[in-house]
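K.L.:
One structure coming up, written as structure tokens, with questions to follow.
The values are calculated or read from the model by the stated rules, or taken from the named source; none is laboratory data. Every value quoted in this text rests on a predicted model; they were computed, and no experiment measured them. Cβ placement follows ideal geometry from the backbone for every residue including glycine, while neighbour counts extend to all protein chains displayed.
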Amino acid sequence: MKLKDFRLFVVMLFLFQAGFAYQITFKILDKNTQQPLVGVQVVAGKTAYIGITNQKGILEAELDHQTKELTFFYFGYEVLKKKYSFIQNENITLYLTPLQQELSAVVLNTKKRENYGLTTLKPVEGTHIYAGKKTEVINLDLVVGNKASNNPRQIFAKVAGLNIYDSNDGGLQLNIGGRGLDPNRTANFNTRQNDYDISADVLGYPESYYTPPTEALERIQVIRGAASLQYGTQFGGLINFITKQPSKKTVLFVTRNTVGSFNTYTNFTSLSGTLGKFNYYTYYNGKKGDGFRPNSDYKSNNFFTHLGYDFSDDTKLSFELSSFNYLAHQPGGLSDVQFLEDPSQSYLKRNWFGVDWKLYNLKLEHQLTDISKLTVSVFALDAYRKAVGFRGNPTIQKPNLFNVDGDEQNSDGTYTFYRDLIVGDFRNYGSEIRFLSSYKFGKTRNYYLLGGKLYKASNSQRQGAGSKGIDADFSFDESAEQYPNQNEFKYPNFNTSLFGEHIFNINKHFSITPGFRFEHIKTQSEGTYYVYDYAGNGAQSYSEDDNNLFVRNFVLLGLGLSYKPKSSFELYANASQNYRSVTFSDIRTVNPTFIIDPNITDETGFTADLGVRGKSKKTFSYDVSAFTLVYGNRIGQVLNNRAQWVRKNIGTAFIYGLESLLQWNIKETYFKENDDLIFDIYSNIALTKSVYLESEDANVAGNEVEFIPFMNLKTGASFGWKNLLTSVQYTYISEQYTDVTNSAYNPNNDTNTIGAIPSYDILDVSLSYKFNKNFKLEGGINNLLDNSYFTRRATGYPGPGIIPAEPRYYYVTLEIKI
């Protein structure tokens, strides 16, 4: 062979090798225990994300001939960097060394950002597919804020477009909505804990009376409306609370004690550890406080335990139990006049709310092959919610007027009128199966997910006369036969669904992800309601049976697109159909402030997103997207021709807007070599517009949709020096309407339940100081400027009217970790 030909052959061989990808399998173990490490992140160079190790500690990657420096990150372990030049398929075993030295708070925070700093979900995680979706991840270890009271402003500060009801009950309930969806008890999201449902009844009554304490959480996943394909039909999408993982130590003890304004005291104590193949995590969380208004005291107890057993690297079984109960005094609502006079006042003494929630989950995770995974989850709920209170004279129909006249206390301590009592019992169970696998087609690997869910609910609700007392008595007074607000129903609902998604990786930059969800829903109601003669003309009051059966079968479709030409930029788009079943509270609960249209029915529509997101090295990250939501048969309240508020299907709503999250790491820009410093700022802005396109009711079409502020801004900065971390956050929410008539705010309004919510702003400041590896002190001030504002006009419980938000609030937390 001539020298010229030989040189040409060498060049061609080099080019062939340079363009050829080799199958590299990494297995990463703990250097001391030899156990596989799950979740080790591998990065090529400075920014090219390669992947994350699975349950076996294994990561398979296709890497080319070019020399690469790979970095292996795992929190609590020394960072490992190695250079490779691959010329063939290889199996590589690596060992990471646990950190021994005590690290400062800033260094710990920085390492957590390196390991868990992703603000979006990866295309494939476990048996879940997220490609092409609007996703957000909250890493709780990186949040400096009031975790003891689950302050949602601070916890969800970097989730765009959320509308939040501020409450003063120590964070016992989470009330968030987005894109025009009612925030009440987060009912428009599918709420889960560790991937299983936690709401009262996913379709019949999707309100969440239980929220796990923030101090127990590792992450919160938020997926917008496209989650209707994998997790449920809701317009809002998914909120998934993920608890902390068991410690690799034999025993890790953590206790956090918090004191705050208005006699608030919170204790959080946890134990976790690993003993061979067995692991555990358990905690207790207790809260009590007086609230800033009279008649707003509360107390709660929350217990959780996770028990896991690893039969092998391929097969894992876990059991979880959650028990949560609380009792809260309800101070009721105020009129606009009363709110301006003094937002801390209360006119109601006899309103109480009680909850008992027990959740059970058994999960099997099995790695069938190197490319196939199976998850089987069996779950159950045993719970109740009880509400007793006086919301006005039930024999007088005065819509929107909160009438307490004549409710005098008698000499024996009782009052003139019976209190209204509503008791809901929830008994449901179900199972969800997920199978995820992949295959190679050409040079790309494609992933597909198939799953199914079975859900059976045996719920009941009774409404009637409670006692005439003042204490938290949740027993019915059977002697009150002529009490107007009476009904008793059983709701034996049944639901099965099949779902699937498939990632077609057209090339290494572009993917298409279609999906479907088939739903079979069987909704029943069996019971009676009381018909009362309000006119007082001598007509006989009577009970009437009301038994209904409603069966629906339908398919929801969706499509996601992702184009990622480089690691710092991704263009994504998604469109998905949504559905919301009419709930039994929509159908039969008697409320003195509105009546219910007997023809009320389900809501349908779709959501769509188009956005760009990415990260420029360690200095700047962004996620900017436009969205639209079409909401057919939207349920709301309108005035009828008798000036009564009626809850019914109003019409078709069209909601659209722009959401953005921008984060700038100033430290990495100007002080890159200073390892003792953290300094970054962020801006979270949502601009939202809405309109009712059509409605059968007069004066609705053309109006704006309720619960949608045009401007929703959260911005802030984080600063840290050695063991001191600080956070400052500013929130601004513009005016929003609360009813479809777009009633303006009127400071002279004395009807409580109608009128706009004025714009408001809030400033929060938080600090954290780490003394050593065992002790940490946290503290802060919420609503530093002591602004007087409100985020909600209640139409029912906790009493019609304005529910004032909390004024300036101080808190201090001491954490001990052993």
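K.L.:
Can you list residue pairs whose Cβ atoms sit under 6 Å apart, with the first residue in the range 736-748 being without any contact (Cβ under 8 Å) to a residue 40 or more places away in the chain and the second being surrounded by 14 or more Cβ atoms within 10 Å (Cβ to Cβ) and assigned to a loop (DSSP other than H, G, I, E, B)? Count only pairs 6 or more apart in sequence or on different chains.
P.N.:
As it stands, the answer is Tyr737/Glu704; Tyr737/Glu706; Tyr737/Ala756; Asn742/Asn703; Asn742/Glu704; Ser743/Ile754; Ser743/Gly755; Ala744/Ala756, since those pairs meet every condition given.
K.L.:
Then there's this: Could you list, in sequence order, the residues of the range 648-662 that are of a type outside the set (Lys, Arg) and over 24 Å from the mean Cα position of the chain (by Cα)? Full working, then the answer.
P.N.:
As a first pass, look at the range 648-662 and keep what is of a type outside the set (Lys, Arg): 649-662.
The answer is Asn649, Ile650, Gly651, Thr652.
K.L.:
If a residue must be over 30 Å from Asn446 (Cβ atoms) and at pLDDT below 80, how many such residues does the range 56-97 contain?
P.N.:
Of the residues in the range 56-97, 2 are over 30 Å from Asn446 (Cβ atoms) and at pLDDT below 80.
K.L.:
Does the range 761-779 include one or more residues that are buried (at least 16 other Cβ atoms within 10 Å of the Cβ), of a type in the set (Phe, Trp, Tyr) and either in contact (Cβ under 8 Å) with a residue 40 or more places away in the chain or in the same structural domain as Lys147 (by the TED database) (or both)? I'd like the intermediate steps shown before the answer.
P.N.:
Here is the first cut: in the range 761-779, the residues buried (at least 16 other Cβ atoms within 10 Å of the Cβ) are 762-768, 770, 776, 778-779.
Still in the running and of a type in the set (Phe, Trp, Tyr): none.
Checked the range 761-779: no residue is buried (at least 16 other Cβ atoms within 10 Å of the Cβ), of a type in the set (Phe, Trp, Tyr) and either in contact (Cβ under 8 Å) with a residue 40 or more places away in the chain or in the same structural domain as Lys147 (by the TED database) (or both).
K.L.:
Conditions first: (1) surrounded by fewer than 18 Cβ atoms within 10 Å (Cβ to Cβ); (2) over 22 Å from Gly232 (Cα atoms); (3) at pLDDT 90 or above. Asp545 passes all but one, so which condition is the exception?
P.N.:
Failing condition for Asp545: (3).
K.L.:
Also, quick follow-up: Among the residues of the range 415-442, write down those that are among the aromatic types (Phe, Trp, Tyr), surrounded by 16 or more Cβ atoms within 10 Å (Cβ to Cβ) and touching a strand residue (DSSP E or B) at 6+ places or on another chain (Cβ under 8 Å). Steps first, please.
P.N.:
Taking the range 415-442 as the starting set, the residues that turn out to be among the aromatic types (Phe, Trp, Tyr) are 415, 417-418, 426, 429, 435, 439, 441.
Of the ones still in play, those that are also surrounded by 16 or more Cβ atoms within 10 Å (Cβ to Cβ) are 415, 417-418, 426, 435.
Those that are among the aromatic types (Phe, Trp, Tyr), surrounded by 16 or more Cβ atoms within 10 Å (Cβ to Cβ) and touching a strand residue (DSSP E or B) at 6+ places or on another chain (Cβ under 8 Å): Tyr415, Tyr418, Phe426, Phe435.
K.L.:
Can you tell which of Phe235, Phe262 is part of a loop (DSSP other than H, G, I, E, B), in contact with a Gly (Cβ under 6 Å, 6 or more places away or on another chain), of a type outside the set (Asp, Glu) and buried (at least 23 other Cβ atoms within 10 Å of the Cβ)?
P.N.:
Numbers: Phe262 fails: buried (at least 23 other Cβ atoms within 10 Å of the Cβ).
Selected residue: Phe235, the only one of Phe235, Phe262 that is part of a loop (DSSP other than H, G, I, E, B), in contact with a Gly (Cβ under 6 Å, 6 or more places away or on another chain), of a type outside the set (Asp, Glu) and buried (at least 23 other Cβ atoms within 10 Å of the Cβ).
K.L.:
Still on this structure: Before we move on, is Phe339 modelled with pLDDT under 95 and of a type in the set (Phe, Trp, Tyr)? Reasoning before the result, please.
P.N.:
Values: modelled with pLDDT under 95: yes; of a type in the set (Phe, Trp, Tyr): yes.
It is true that Phe339 is modelled with pLDDT under 95 and of a type in the set (Phe, Trp, Tyr).
K.L.:
Quick one: in the range 189-201, which of the residues that are crowded, with 24+ Cβ neighbours inside 10 Å and over 10 Å from the mean Cα position of the chain (by Cα) is nearest to Ala226 (Cα to Cα)?
P.N.:
Asp197
K.L.:
Shifting gears a bit: How many residues, within the range 677-705, are modelled with pLDDT under 90 and either crowded, with 18+ Cβ neighbours inside 10 Å or among the charged types (D, E, K, R) (or both)?
P.N.:
Final tally of qualifying residues: 2.
K.L.:
Any residue that is modelled with pLDDT of 95 or more, farther than 19 Å from Asn168 by Cβ and under 23 Å from the mean Cα position of the chain (by Cα) - is there at least one of those in the range 271-282?
P.N.:
yes
K.L.:
Do the conditions hold for Tyr429, that is, is it at pLDDT 95 or above and aromatic (Phe, Trp, Tyr)?
P.N.:
Details: at pLDDT 95 or above: yes; aromatic (Phe, Trp, Tyr): yes.
For Tyr429, the condition - at pLDDT 95 or above and aromatic (Phe, Trp, Tyr) - is met.
K.L.:
Output the residues belonging to the range 331-375 that are in a strand (DSSP E or B), touching a residue at least 40 places away in the same chain (Cβ under 8 Å) and farther than 26 Å from His128 by Cα.
P.N.:
The answer is Leu334, Trp352, Phe353, Gly354, Val355, Trp357.
K.L.:
Quick test of your reading of the structure: Phe710 fulfils all but one of (1) at pLDDT 95 or above; (2) under 19 Å from Tyr631 (Cα atoms); (3) crowded, with 18+ Cβ neighbours inside 10 Å. Name the failing condition by number.
P.N.:
Single failed check for Phe710: (3).
K.L.:
Being in contact with a strand residue (DSSP E or B) (Cβ under 9 Å, 6 or more places away or on another chain), within 20 Å of Leu362 (Cβ to Cβ), outside the structural domain of Thr214 (by the TED database) and crowded, with 21+ Cβ neighbours inside 10 Å: is that true of Phe268 here? Walk me through it before giving the result.
P.N.:
Working: in contact with a strand residue (DSSP E or B) (Cβ under 9 Å, 6 or more places away or on another chain): yes; within 20 Å of Leu362 (Cβ to Cβ): no; outside the structural domain of Thr214 (by the TED database): yes; crowded, with 21+ Cβ neighbours inside 10 Å: yes.
Criteria not met by Phe268.
K.L.:
Continuing with this model, one more query. Count, please, the residues in the range 643-694 that happen to be within 14 Å of Thr619 (Cβ to Cβ), of a type in the set (Ser, Thr, Tyr), in a strand (DSSP E or B) and without any contact (Cβ under 8 Å) to a residue 60 or more places away in the chain.
P.N.:
0
K.L.:
State all residues of the range 71-114 that are touching a Ser or Thr at 6+ places or on another chain (Cβ under 8 Å) and among the acidic types (Asp, Glu); if no residue qualifies, say none.
P.N.:
Glu78, Glu90
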